[in-house]
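The values are calculated or read from the model by the stated rules, or taken from the named source; none is laboratory data. Predicted model, so just to flag it, every value in this text is computed and none were measured. Heads up, the Cβs are rebuilt from the backbone with ideal geometry, glycines too, and the neighbour counts pull from every protein chain shown. Surface areas here come from the heavy atoms of the whole protein model, side chains and all, with no ligands, DNA or RNA. Shrake-Rupley method; radii C 1.70, N 1.55, O 1.52, S 1.80 Å.
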Amino acid sequence: MNLIERRHQFEENKRIYESAKLTFLGVDGFDVYNSSIPFYWQGKRYIYGRVEKREEWARSWVRLFEESGRDEWTLVKDSMLYQLEDPYISIIGGQLVLGGTHVRIRQSRIDTYYGYFYRGIDLNNLYYFTTGPDYMKDIRLVQLAGGKIGVFSRPRNEEVRRLFGSESLVGFTVIDNLDELSAEVIENAAYIPGLFGKDEWGGCNQAYCLDSGKVGVIGHLCYKAPAEGEEQLTYMNYSMVLDPATREVHDMRIIGTRPCYPDGPAKKTNLNDCCFTSGIVMREDGKADLYSGIGDTEVGRIVIDYPFEGWGPIMDFGAPADFHGE
């Protein structure tokens, strides 16, 4: 079954309990989209967002916002500013790890892009510590039950298409500590087979260690939809469960599509059907808030059933006293 067929099946049976947009204050004239998941630090709730003008492309910054109301976030003044796209966070060994995509421009054209990584316990003083491979986005980290670190890669190039038929792959490897994270380690992560069909692509956006020892993955699935004129890009939210020892995948399924979120504008006309996944945050009622960039202009939130049901709850490794996890 290809992604279009799987999408139709999801749309006929979906359960969306709530749908909302996030409001970002303090950045008038700019869009905020493709955010991290929300997180608590020193008793306050924050989120990192990609900040960019509607008419510009590949000229964005990552800024820190503090929760100021229901689905409302206000810019933290004088916080660190990162020349990155599409931020994401992980808690590894009691430290906050912030990642994002840095685009390198040469003679006014995009030359290449990398994943940049920062770490620390002070949100105002995170340290840049490593860089991912050339032309690779969507690198993600997760602390595993034994204390090691799972690393997800996302190669996407013409060689991948020639060898596998899909536009991208997802790889997975394990390292002992953050000091081992390097472009070479990420580049050499073993591929997870069978995730994408011909001309499809996707990646991991947020990973969670489950008490079963498996890894819960929240990511994006994509395909190009036939249309008159400009080709339409479809991005959807999905979940799966990965065995970190065997790289065997279980229960891979779509959990959100653009119509699940409130209507809104798109940065380009071919992005009307785009929801670029951030991840989930558990709720007190046992359901999950799923966050996603929508249309490359805004951030949306929907309430869904816990996507890893049957594989155990998300583990809390006991972060330092100043970190209060979701």
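Brief remarks on what is shown
- Note on the range 150-179: residues that are within 18 Å of Tyr116 (Cβ to Cβ), of a type in the set (Phe, Trp, Tyr) and touching a Ser or Thr at 6+ places or on another chain (Cβ under 8 Å) total 0.
- Hey, Pro313 farther than 19 Å from Pro262 by Cβ and open to solvent by 10 Å² or more (accessible area, probe 1.4 Å) or not: yes
- Of the residues making up the range 292-321, those that are part of a loop (DSSP other than H, G, I, E, B), within 27 Å of Glu72 (Cβ to Cβ), touching a strand residue (DSSP E or B) at 6+ places or on another chain (Cβ under 7 Å) and at pLDDT 95 or above are Gly295, Asp296, Thr297, Tyr306, Pro307.
- Index of the failed condition, Thr234 passing every other in (1) in a loop (DSSP other than H, G, I, E, B); (2) open to solvent by less than 20 Å² (accessible area, probe 1.4 Å); (3) of a type in the set (Ser, Thr, Tyr): (1)
- Hey, Val299 buried (at least 23 other Cβ atoms within 10 Å of the Cβ) and closer than 18 Å to Pro87 by Cβ or not: yes
- Tabulated pairs, the range 17-34, first on the phi < 0 side of the Ramachandran plot and basic (Lys, Arg), second at pLDDT 95 or above and surrounded by fewer than 19 Cβ atoms within 10 Å (Cβ to Cβ), C-beta under 9 angstrom, 6+ apart or interchain: Lys21/Asp71; Lys21/Pro262; Lys21/Gly264
- A count restricted to the range 13-49 and to residues that are open to solvent by 20 Å² or more (accessible area, probe 1.4 Å), under 23 Å from Gln95 (Cβ atoms) and touching a strand residue (DSSP E or B) at 6+ places or on another chain (Cβ under 7 Å) stands at 3.
- Residue match in the range 257-268 (condition: in a loop (DSSP other than H, G, I, E, B), hydrophobic (A, V, I, L, M, F, W, C) and open to solvent by less than 50 Å² (accessible area, probe 1.4 Å)): yes
- Considering residues of the range 256-291 that are among the charged types (D, E, K, R) and touching a strand residue (DSSP E or B) at 6+ places or on another chain (Cβ under 7 Å) only, the residue farthest from Arg6 (Cα to Cα): Arg283
- Condition met for Gly171 (crowded, with 22+ Cβ neighbours inside 10 Å and at negative phi): no
Results for (1) closer than 28 Å to Lys198 by Cα; (2) free of Cβ contacts under 8 Å to residues at least 60 places away in the same chain, shown as yes or no for each residue.
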| site | (1), (2) |
| --- | --- |
| Ile92 | no, no |
| Gln107 | no, yes |
| Tyr118 | no, yes |
| Ile121 | no, no |
| Pro133 | yes, yes |
| Leu141 | yes, no |
| Gly146 | no, yes |
| Pro155 | yes, yes |
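- Selection of the range 91-118 for residues being under 20 Å from Val32 (Cα atoms) and buried (at least 19 other Cβ atoms within 10 Å of the Cβ) yields Leu98, Gly99, Gly100, Thr101, Gly115, Tyr116.
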